[in-house]
There are 2 protein chains.
Amino acid sequence: MSHPAPPTSPLPTLVPADLAPLRQFVQQLSRLLDDTGDEAQILAQGQTLLAELVAQDGWLPDALAQPHPQHYRQFLLHADSGGRFSVVSFVWGPGQRTPIHDHTVWGLIGMLRGAEYSQNFQRAADGSFIPAGEPVRLEPGQVEAVSPTVGDIHQVSNAFADRTSISIHVYGANIGAVRRSVYREDGTVVPFISGYSNHWVPNIWDDTH
Amino acid sequence: MSHPAPPTSPLPTLVPADLAPLRQFVQQLSRLLDDTGDEAQILAQGQTLLAELVAQDGWLPDALAQPHPQHYRQFLLHADSGGRFSVVSFVWGPGQRTPIHDHTVWGLIGMLRGAEYSQNFQRAADGSFIPAGEPVRLEPGQVEAVSPTVGDIHQVSNAFADRTSISIHVYGANIGAVRRSVYREDGTVVPFISGYSNHWVPNIWDDTH
Ligand SMILES: [Fe+3]
Ligand SMILES: [Fe+3]
Ligand SMILES: [Mg+2]
């Protein structure tokens, strides 16, 4: 029924109106993927959609914006029923960074707060992994793409040693369950399935409030 | 990275392995809706899938199984990116029931715990709403269908005056946002958008644990 629900449990309250930008992004990306399976089109048009989402702050629930003292966290925000895409909040504590890793699927990275560096890597003649090109610095509102086609092996770092940075990532799969790899500089390749840092995702579907 | 995440927030912990039946149901229903838009097929094959889900108990998070002392609650479990379907846990406290209402889209109701009665209604010659046929009693594992085609106006009641009952519902839309109606026995029709009782939905997408 339409009665307002009281607090039901230990789960913190969200303000549904705040979540509208994320809901609209999910709906628009879903329509894009209904229309095309072409990676170049998905990256180009998805980049525009994600840029709109990260052009505004205020929609990310606080519980999914908290850094961990020891390592970065990846909070699932939405996963598609059929595994066509997932949306993830990456929260970087001061100085935190990923190992060198791949994705195996297309991905878009939109900067929400702070800044981060993305450094591409390639395998050298001796088998080791070495930086390819200059690091890219992402500022709030900017979006970068990764994929096996456009470049898939990179390392991402918080650009700040003294503050949290947050980026919103979109991938062409349920990324937390994808079998992919971490690369050591000595050339070793380690199997990697990331999982997620959160047990609950925001209910972005209640537009009655 | 693959480091196990510590408790991150006030959000209660879920056991990801427990959520596998719900994840698999969502994936299977998504494939069914990729394959057909025919309501009769969706209801027939969806009924089989939902019957499998409610044949087992133990996967519904406790936070989404708690009755409210005054009224029933509807907890969103999953919504499809494109609004093709939603999955909802209905929790009935002792003696609780819905008003007479419609759905406007196809729906499947699978009994998980306890039992409920569903009574169809029709408009009489004098404009009032009167019961149509006998109430249907749903026992755990059983599934019933509703839709504008097969019968869309009903009232649902907990069959028990002294215990909680829970049914799992699937609808062909984001049901909490659908504009539909509540019907009074005197013939009055009242606009109705249900919303949801929960701000957080379970993360069913982490299969690494
Ligand atoms: Fe990456
Ligand atoms: Fe109903
Ligand atoms: Mg489709």
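The values are calculated or read from the model by the stated rules, or taken from the named source; none is laboratory data. This structure is a prediction, so every number in the text was calculated from the model and none was measured. Every residue, glycine among them, receives a Cβ derived from its backbone with ideal geometry; neighbour counts consider all protein chains shown. These accessible areas exclude ligands, DNA and RNA; they are computed on the full protein's heavy atoms, side chains included. Shrake-Rupley method; radii C 1.70, N 1.55, O 1.52, S 1.80 Å.
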Put a dot 7 Å past each Cα toward the Cβ at A:VAL150 and A:ASP186; how far apart are the dots in nm? 3.5 nm
Output the direction-averaged projected area (hull surface divided by four) of the convex hull of the alpha-carbon atoms of the range B:20-192, in nm². 9.9 nm²
Check: C-alpha center the range B:58-111 vs C-alpha center the range B:123-157, spacing in Å is 17 Å
Residue-span extension gain [A:THR104 to A:VAL136] - 0.36 nm each, minus C-alpha spacing: 9.5 nm
Accessible-area loss of at least 40 Å² in the complex relative to the chain alone (1.4 Å probe) applies, within the range A:62-91, to A:ALA63, A:HIS71, A:ARG73, A:SER81
Long-range share for the range A:108-209, i.e. C-alpha pairs more than 23 Å apart as a percent of all pairs, stands at 39 percent
Long-range amide H partners of A:GLN96, meaning residues 5 or more apart or on another chain whose placed amide H is closer than 5 Å, are A:ASN158
Using a 1.4 angstrom probe on heavy atoms only, work out the carbon and sulfur share of the accessible area of the protein assembly as shown in %. 49 percent
Where does each of B:ARG163, B:ARG97, A:ARG179 land when they are ordered by accessible area, with a 1.4 Å probe and the largest first? A:ARG179, B:ARG97, B:ARG163
Given charges at beta-carbon only (K, R positive; D, E negative), |dipole| of chain B in Debye: 420 debye
Please find the FRET efficiency linking A:ALA17 to B:ASP62, where r is the Cβ-Cβ separation and R0 is fixed at 30 Å, and quote it to the nearest 0.05. 0.60
Suppose R0 equals 25 Å; then what is the FRET efficiency for A:ALA44 and B:ARG31 from their Cβ-Cβ distance, rounded to the nearest 0.05? 0.35
According to the Kirkwood expression over distinct Cα-Cα pairs, how big is the hydrodynamic radius of the protein assembly as shown, in Å? 22.8 Å
